[in-house]
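**Student:** Sharing a structure here in structure tokens format.
The values are calculated or read from the model by the stated rules, or taken from the named source; none is laboratory data. Since we're looking at a predicted model, the values are computed, not measured. Don't worry about glycine lacking a Cβ; one is built from the backbone with ideal geometry, like all the others, and counts go over all protein chains shown.
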Amino acid sequence: MIKSRDELNRACESAKQSLASYDCRILVCSGTGCIATGSQKIYEEFQKIAGGTPGIVIDFKPHDEGRHVGVKKTGCQGVCELGPLVRIQKGDKVVQYTKVQVSDCQEIFDTSVTADGVVERLLYTQKGVSYKSPDEIPFIAKQTRVVLENCGKFDAESFDEYLASGGFQAFQKALFEMKPADVVDEIDKSGLRGRGGGGFPAGKKWKQVAGQAEKERYVVCNGDEGDPGAFMDGSVMEGDPYKLIEGMMIAGYAVGSQNGYIYVRAEYPMSVARLRHAIKELEERNMLGDHILGTDFCFHMHINRGAGAFVCGEGSALTASIEGNRGMPRTKPPRTVEKGLWAKPTVLNNVETYANVPKIILQGSDWYRSIGTEGTPGTKTFSLTGTIQNTGLIEVPMGTTLREIIFDIGGGLKDGGTFKAVQIGGPSGGCLTEEHLDVPLDFESIKKYGAIVGSGGLVVMDDHTCMVEVARFFMSFTQRESCGKCTPCREGTKRMLEILEKIVAGNGEMEDLDRLEEIAQMVKNMALCGLGKSAPLPVLSTLKLFRNEYEEHIVDKKCRAKVCQAMRRFVIDPQKCKGCGKCARNCPASAITGEKKAPHKIDPNICIKCGACMENCAFDAISVEA
């Protein structure tokens with residue numbers, strides 16, 4: 001039990017001493033990505049090796065003899081595609097290993113734990129250069145980590161390690177040195193804007209809630225994160241759950257709320273488990289509940305699991321879902337700050353927004369404004385995916401350009417591909433092309449080009465990507481996820497999807513493009529909620545930037561990227577074909593004919609374009625013509 005500020009500070013000092021007692025820490029990445037590739041077995045193997053090695057102590061007690069080695073589960077270490085990831089930490093020296101397998105554990109232990117060597121073959125390597133320390137890796141070195149500062153460095157489940165990292169210093173500063181109005185003013189002066197997509201100033205929202213006549217208020221966290229390919233909020237909840245909770249506690253103190261709710265989609269079981277563990281730990285230490293640290297401040301935390309509806313990322317739909325109702329947006333006003341959860345004033349921000357709060361309170365609004373742009377201070381986390389060398393989780397100052405993200409941090413495109421576009425903002429976002437590579441990524445700048453920052457998904461595409469299919473894919477998602485409450489979104493997205501499917505099937509007409517744009521503008525202007533209004537953005541941006549590809553699909557019945565199945569034509573090169581007959585034997589439509597040991601032919605009128613022939617050809621004799 002921690003009953004006062006002095007006891008919290010003593011617990012903090014004890015945690016720092018405990019952390020300093022380790023001769024070596026084996027940090028195993030236990031984010032969802034690495035868990036999926038086997039990091040749990042690696043963690044267990046290191047536990048087994050360390051526990052069975054003479055002279056090594058795992059469960060350290062004062063006056064124990066032997067080297068103190070800790071095996072810890074961390075949050076996401078960032079370089080997701082190279083997992084499982086392991087870091088060996090000795091004091092300030094850290095070695096980053098990639099693609100670690102269970103069979104590598106003993107070698108790593110013998111080389112880097114009991115000795116000071118390095119397993120060279122497991123180091124991060126780019127363009128022939130190997131990097132030993134994570135801070136030397138270009139992918140990490142070029143980032144500015146504020147929200148993700150602790151991820152990969154500390155035990156994600158340990159309250160003591162969070163304290164040792166500086167945790168709850170901001171909360172106690174707010175609680176004992178600042179009035180609630182001072183906290184609100186500091187957040188307002190910092191310029192912190194909501195990182196869930198809308199970019200609404202957090203301080204303004206907090207001020208509106210604090211000023212309501214109704215005294216029963218709520219603090220709600222949107223951890224739904226429904227965008228395909230987005231995993232920023234999930235990584236924070238998994239990798240630094242205490243930081244999120246501390247940010248919400250500060251918000252609760254600032255606006256006079258006694259209850260906080262975290263809404264997490266059920267597809268994030270790791271996030272739910274670690275948040276529950278963190279809440280339990282804090283309740284047992286009297287850091288959550290009644291009369292926290294001996295004061296009058298009371299704050300209780302609750303977790304609600306969503307069923308995975310994309311629309312529940314919208315504020316009023318989210319609060320309706322917490323209440324046990326169907327998650328559907330409502331007409332505004334009143335807004336959430338006036339009547340949110342259970343019709344009470346509610347502060348609703350996303351995970352990343354709350355995770356920024358402790359550092360702002362601790363280091364001040366001027367420090368925060370020194371990062372990013374004038375209109376959008378601070379950093380932004382992005383999930384970097386697609387046809388790019390380095391996929392993973394990144395955090396950069398607002399205003400960083402796409403060129404810096406894709407080529408400096410991301411390492412450029414895979415296999416020497418040519419950059420074509422990036423989809424930003426998920427299914428509610430738009431496309432940016434080569435001409436936008438030097439546009440600063442902040443809320444205002446990219447709006448001019450028909451795109452939004454959104455929650456932070458970045459999907460990089462090369463010249464093998466069909467932009468019509470990209471639009472169809474995202475429209476399929478938004479149409480499926482439409483709650484159906486308002487006619488423009490319910491019917492408009494369905495009509496748009498039908499037209500896009502018609503075009504990629506090779507049956508499009510030029511009139512379809514005008515019809516598609518007309519419906520998209522109607523949905524954008526008339527849908528009830530923000531998600532509905534932004535649903536047509538992928539269509540509108542691809543129509544504007546890649547209209548020639550739409551016209552090729554319609555007029556020439558051609559897909560230049562050779563992606564749209566209806567427009568693919570498989571041909572056999574008679575110079576390469578050996579007449580083995582394997583393609584014919586595996587063709588489900590019997591579209592291939594030819595004599596044994598003689599070049600074969602594919603009848604385009606019979607071919608169903610499944611690609612089985614190409615998959616089974618041993619001589620690379622079959623290709624696709626657009």
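**Student:** What residue, among those in the range 419-454 that are farther than 19 Å from residue 409 by Cα and of a type in the set (S, T, N, Q), is modelled with the lowest pLDDT?
**Tutor:** Residue satisfying both the conditions and the ranking: 428.
**Student:** Can you tell me which of 37, 53 is surrounded by fewer than 21 Cβ atoms within 10 Å (Cβ to Cβ) and farther than 30 Å from residue 232 by Cβ?
**Tutor:** Values: 37 fails: farther than 30 Å from residue 232 by Cβ.
Only one candidate passes the filter, namely 53.
**Student:** Under 9 Å between Cβ atoms, at least 6 apart or on separate chains: pull out the pairs that start in the range 345-366 with a residue that is at positive phi and end on any residue that is surrounded by fewer than 24 Cβ atoms within 10 Å (Cβ to Cβ) and at pLDDT 95 or above.
**Tutor:** Listed by first residue and then by second, the contacts come to 364/186; 364/189.
**Student:** With respect to residue 259, is the statement that it is in contact with a His (Cβ under 6 Å, 6 or more places away or on another chain) and surrounded by fewer than 22 Cβ atoms within 10 Å (Cβ to Cβ) true?
**Tutor:** yes
**Student:** How do the helices (runs of 4 or more DSSP H) wholly within the range 456-551 filter down when requiring 1 or more residues that are over 30 Å from residue 411 (Cα atoms) and over 24 Å from the mean Cα position of the chain (by Cα): which remain?
**Tutor:** Details: elements: 467-481, 487-504, 510-526, 530-534, 537-545, 547-551.
Answer list for the range 456-551: 487-504, 510-526, 547-551.
**Student:** For a quick check of your reading of the model, give me the residue pairs whose first member lies in the range 240-266 and is closer than 20 Å to residue 163 by Cβ, whose second is of a type in the set (S, T, N, Q), with beta-carbon atoms closer than 6 Å and at least 6 apart or on different chains.
**Tutor:** Partner pairs satisfying both residue conditions: 240/150.
**Student:** If I filter the range 384-393 down to residues being crowded, with 24+ Cβ neighbours inside 10 Å and either modelled with pLDDT of 90 or more or of a type in the set (A, V, I, L, M) (or both), which single residue comes out as farthest from residue 232 (Cα to Cα)?
**Tutor:** Taking the candidates together, the pick is 388.
**Student:** Further question: Just checking, does the range 558-570 include any residue being among the aliphatic types (A, V, I, L, M) and modelled with pLDDT of 95 or more?
**Tutor:** Of all residues in the range 558-570, those among the aliphatic types (A, V, I, L, M) come to 561, 563, 566-567.
When the remaining residues are screened for being modelled with pLDDT of 95 or more, the result is none.
No, there is no match, as no residue in the range 558-570 is among the aliphatic types (A, V, I, L, M) and modelled with pLDDT of 95 or more.
**Student:** Those residues that are of a type in the set (A, V, I, L, M, F, W, C) and more than 50 Å from the chain's Cα centre (by Cα), I need them from the range 589-605; list them, please. Steps first, please.
**Tutor:** Taking the range 589-605 and keeping what is of a type in the set (A, V, I, L, M, F, W, C), we get 589, 591-592, 598, 602.
598, the sole residue that qualifies.
**Student:** Take the range 205-215 and flag every residue that is within 10 Å of residue 255 (Cα to Cα) and assigned to a loop (DSSP other than H, G, I, E, B).
**Tutor:** 211, 212, 215
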